[in-house]
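What follows is a set of notes on a single structure, which appears directly below.
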Amino acid sequence: MEHGSFTDNSAATFSLTDEDHTIANAVRFTLNQDPRVTFCGYSIPHPSEARVNIRVQTTGDPAREVLKDACQNLMLMCRHVRCTFDKAVEDLKQAML
Amino acid sequence: MAEGAGEEKKKFSIWDLPDVPMGQLPPHLELQRSRVSCNKDAPIHTESIQYSGAYASMGIDNSSRLDRFSNNFRVEVVRLNEDDIEFDMIGIDAAIANSFRRILIAELPTMAIEKVLIANNTSIIQDEVLAHRLGLVPIRVDPRLFDYLSENDQPNEKNTIVFKLHVQCKRGSPRITVKSDALKWLPNGSELVKETRNATSDSSSKPEIYTYFGCSQETVPEFVKNPIIPKYPDIIIAKLGPGQEIELEAHAVKGIGKTHAKWSPVATAWYRMLPEVVLLEDIEDDLAEELKSKCPVNVFDIEDLGKGRRRATVARPRACTLCRECIRGDDWEKRVALRRVKDHFIFTIESTGALPPEVLFTEAVKILEDKCERVITELS
């Protein structure tokens, strides 16, 4: 769910349900790394409710696209982590044989 | 220096001066960016400088492009056993490492006993306490072979595991301890029958049962090789005196740690940053002996310089537990600097037995990828 303004789509707040710090902090990190982003942050309105608000302000690009790119980057990072870890475990198992 | 040279009409940039390293941060800023300094009273520079434009005025691009991450990221496995793993992740940020830790503890599914149907319990352990203890027993089965059981589903062989426990302590025999190996797996489903309240039901009506197994779980090849049993056979569940009996059936379903901690697949999972111990000045002779004896985990070593002089060196910085004994006392803070490397994490994962720890970590990364994908599809 995106809360933004119709005229200016470079700044918006995205409200995600059923999420918590796990994904919000990771997405906030990748958002910060993107040079198009001027401001990003997340907040949890109430701890009993599983909802996260992610605020993105960019230098002109639509906030939705920038958030999507950040999530894509996070997915690619995870994939790389997985491949590297699997290879390291394989190498160790081979060495132990 | 710039003002003096300004008298000449030549313009030159301050960046041309040889002192300023080109394309790199000056050493004190690099220290702030990449190390947490653990001082006597509190650590400083603990936040990670994530903003892409943080060092823009120095001409440094702080944004981590994916290719730079892929080149610098390394994993080194230090120890791998059947139950636990210790590995180093170098080049990753605390936000992502913490996400992995949170997912390992709370969002990886496992099988655990949820419903306990008690036919007879004359022991001194109350029904609910017995059911609670049974729920915490780890079961050695791969949870990826099962589906979730929701409210509307019927319990069948794809989402339930049924165990039976029937122990009796006969009169005259000594007290017995009921351990978790007394739980017998029933691959054909529940044997108990629901009580029908209808007194006029005739004997030809089929009795209602608790689970609807279409086929026996023994037909699945994984379970032929590894029958489903609790991982540890010596967990004490209850104790019986003479004449007491427990007869019950326990149904295990799939769940995640967020709902209840019994579904957490790790005993625990934690990470710490790599400690870095730096000697700011040469420490010799008596001071070196004092330093070596202060450290409870033997981080320091003495090396001989010849002619009876000795010097302290840092031999095992990884063992440092940050007890800060080496900087306690006068003047020691000037000689020893305790730091932590911000992007080097030593991860330890202890599994309870359902899945081997390296598989647990791979599944946790997959779950983070699935969450990202869910966010992307929600946005599109």
Query raised in the report: In region B:106-122, which residues are surrounded by fewer than 23 Cβ atoms within 10 Å (Cβ to Cβ) and assigned to a strand (DSSP E or B)?
Result: B:114, B:115, B:116, B:117, B:118, B:119, B:120, B:121
Query raised in the report: Which of the residues spanning region A:28-76 are farther than 19 Å from residue B:377 by Cβ, facing chain B (nearest Cβ under 8 Å) and of a type outside the set (S, T, N, Q)?
Result: A:28, A:29, A:34, A:35, A:37
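Would you point out which residue out of B:144, B:197, B:175 is within 23 Å of residue B:120 (Cα to Cα), at pLDDT 90 or above and among the basic types (Lys, Arg)?
B:175
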Query raised in the report: Within the bounds of region B:273-292, is there any residue that is closer than 25 Å to residue A:75 by Cα and within 14 Å of chain A (Cβ to nearest Cβ)?
Result: no
**Report entry** Matching residues, region B:325-354, being in a strand (DSSP E or B) and not aliphatic (A, V, I, L, M)
**Finding:** B:339, B:340, B:342, B:343, B:344, B:345, B:347, B:348, B:350, B:351
**Report entry** Those residues of region A:46-87 which are part of a strand (DSSP E or B) and either farther than 29 Å from residue B:360 by Cβ or at pLDDT below 90 (or both), in sequence order
**Finding:** A:53, A:55, A:56, A:57, A:58
Query raised in the report: Counting only residues that are within 7 Å of chain A (Cβ to nearest Cβ) and more than 17 Å from residue B:341 (Cα to Cα), which one in region B:71-105 is surrounded by the fewest Cβ atoms within 10 Å (Cβ to Cβ)?
Result: B:80
Requested in this report: Inspect all residues belonging to region A:9-25 and state whether any of them is of a type in the set (Val, Ile, Thr), assigned to a helix (DSSP H, G or I), within 13 Å of chain B (Cβ to nearest Cβ) and surrounded by 12 or more Cβ atoms within 10 Å (Cβ to Cβ).
Outcome: yes
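Taking strands (runs of 3 or more DSSP E) that fall entirely within region B:221-318, which contain at least 3 residues that are buried (at least 19 other Cβ atoms within 10 Å of the Cβ), of a type in the set (A, V, I, L, M) and out of contact with any Lys or Arg (no Cβ under 6 Å at 6 or more places or on another chain)?
Output list reads B:245-255.
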Query raised in the report: If you take the residues in region B:148-165 that are among the polar types (S, T, N, Q) and under 23 Å from residue B:221 (Cβ atoms), which one is surrounded by the fewest Cβ atoms within 10 Å (Cβ to Cβ)?
Result: B:156
Query raised in the report: Does residue A:81 satisfy the condition of being within 10 Å of chain B (Cβ to nearest Cβ) and more than 26 Å from residue A:16 (Cα to Cα)?
Result: no
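The values are calculated or read from the model by the stated rules, or taken from the named source; none is laboratory data. What you see is a predicted model; the values in this text were computed from it and never measured. No Cβ is skipped: glycine too gets one built from the backbone with ideal geometry, and neighbour counts run over all protein chains shown.
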